[in-house]
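Please read the structure below before turning to the comments.
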Amino acid sequence: MSSEYYSQALHGPFDVFEAGDLDLESGGKLRGVKLAYATFGALNADKSNAILFPTWYSGTTKILEQAYVGPGRALDPEKYFIILVNQIGNGLSSSPSNTPAPFNAAAFPKISIGDDVRAQYKLVTEHFGITRLALVLGGSMGAQQSFEWAARYPDAVARVAPIAGTARETAHNRLLAQTFIEAITSDRAFDDGWYAPGAVHRGLRAHARAFAASGFSQKLFNTRGWAGLGFTDTEDFVAGFVENHFLPQDPNNLILLARKWRDADVSRLTGGDLAAALGRIKAKTAVIAIDEDVFFPPEDIAADQQLIPGSALKRVSSIWGHLALFGVDPDWSRAVDHILTGLLATPA
């Protein structure tokens, strides 16, 4: 099922950049790294109009395209060269599900957010010849990658907009990500990651329900905010919207992503000093928080934002909570477009 899901038919068109071997922060090596990416618009003569947008947990570049890219939007391909890139482990780039034996499935090496960003840097600089990005943005795990980009490569990022994510995970957020992992691994069919195709559906369903309970706001459920999508009750919504999203995906892929999410910490660039790490950021910075977000509450995001010189905190409300990121709330999308348009108009 997963091989059919991770296809050009569903998530394309996309290209693949052969990034070579990558020495990992864990001490291991990922051989023959492949980054799947999609571009929109044209790179201008001085290569100053490039935007990089990495994916979030369980997301692909097709989801980003549908939710954020288009004429008249902040990410307008008539103005900018937009690079949407799939993070390692999402099923389109190098992942447990698409890597040949013996490094496939549970044998796939441990990956960090820093590993992702270093591979993306090769795509941006070696493949496209871009030395400075006009904007790096991302939601959730994409925000984690955005913070990493701006702190690791401060001269290569003119502007940065982390959305609904933090630079270092809090104790609560680590617990949340670990809960998602254990919902999958608790399925007896998981078999330490050596499961048969389709066998871990119970674990994926449990994972989806835990994700739904915290990913959306209480108000969304209490006011039947999902009714406009055609669902009849809560069970119908959770099965048809959330379980339907996760069931086709590969459990090892999701676990790899959740571990990256759980362990994200930009302060490892500076020996554990978060203020020093975020103090390295030179980019014009707009940090965007969702008022109703349970995954990444605004107060946690604000604590990081205050450590970034000259940055601004932008708060947007949506009863869809963290999962407003998927573009399901038109008012939220318009508000975020307005913030991004203003940031892109700011000299940097």
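Given +1 at the Cβ of Lys and Arg, -1 at the Cβ of Asp and Glu and no other charges, the dipole of region 240-348 around its Cα centre is 520 debye to the nearest 20. Per-residue Karplus couplings for region 251-257, computed as 6.51 cos²θ - 1.76 cosθ + 1.60 with θ equal to phi - 60°, are listed in order as x, 4, 4, 4, 5, 4, 5 Hz, Gly and Pro entered as x. If you take the alpha carbon atoms of region 104-176 and fit the smallest convex hull around them, that volume is 108 Å³ per residue.
Across the accessible surface of the chain, with the other protein chains kept in place and a 1.4 Å probe, carbon and sulfur atoms take up 51 percent. Two numbers describe the Cα atoms of the chain: Rg and Dmax, which are 18.9, 56 Å. Quick check for you: with a 1.4 Å probe and neighbouring chains kept, what is the accessible area per residue of the chain, in Å²? Accessible area per residue, the chain: 39 Å². For the listed residue pairs LYS260/LYS282; LYS62/LYS260; LYS219/LYS314; LYS122/LYS314, the alpha carbons are over 28 angstrom apart in LYS122/LYS314. Within the listed set GLY27, GLY321, GLY91, the Gaussian network model of the chain (springs between alpha-carbon atoms below 10 Å) gives the highest mean-square fluctuation for GLY27. Taking ALA151, ALA45, ALA277 in turn, the Gaussian network model of the chain (Cα-Cα springs below 10 Å) assigns the largest fluctuation to ALA45. Scaled to the globular estimate 2.2 N^0.38 Å, the Cα spread of region 160-293, given as radius of gyration, is 1.25.
Can you work out the PRE-style zone for ALA303? Point 7 Å along Cα to Cβ, and I want the residues of region 157-176 with backbone N under 19 Å. Of the residues in region 157-176, 162-176 have backbone N under 19 Å from the label point off ALA303.
Dividing the Cα radius of gyration of region 1-151 by its Kirkwood radius returns 0.96 for Rg/Rh. Comparing TYR6, LEU52, MET141 along the charge dipole axis of region 1-144, the residue lying farthest to the positive side is MET141, per the Cβ-charge model. Relative contact order for region 161-259: 32 percent, from Cα pairs under 8 Å spaced at least 6 residues apart, divided by residue count.
Taking LEU257, LEU92, LEU274 as the candidate residues, the one with maximal mean-square fluctuation in a Gaussian network model of the chain, Cα springs under 10 Å, is LEU274.
If a paramagnetic tag sat 7 Å from the Cα of PHE103 along the Cα-Cβ line, which residues of region 1-31 would have the backbone N under 13 Å from that point? Label zone hits: 19-31. Our note on the geometry: Cα centres of region 159-196 and region 50-84, 24 Å apart.
The values are calculated or read from the model by the stated rules, or taken from the named source; none is laboratory data. Everything numeric here is computed off the predicted structure, so don't read it as measured data. Note that each Cβ is placed from the backbone with ideal geometry, even for glycine, and that neighbours are counted across all protein chains shown. Calculation scope for accessible area: heavy atoms of the full protein, side chains included, ligands and nucleic acids excluded. Shrake-Rupley method; radii C 1.70, N 1.55, O 1.52, S 1.80 Å.
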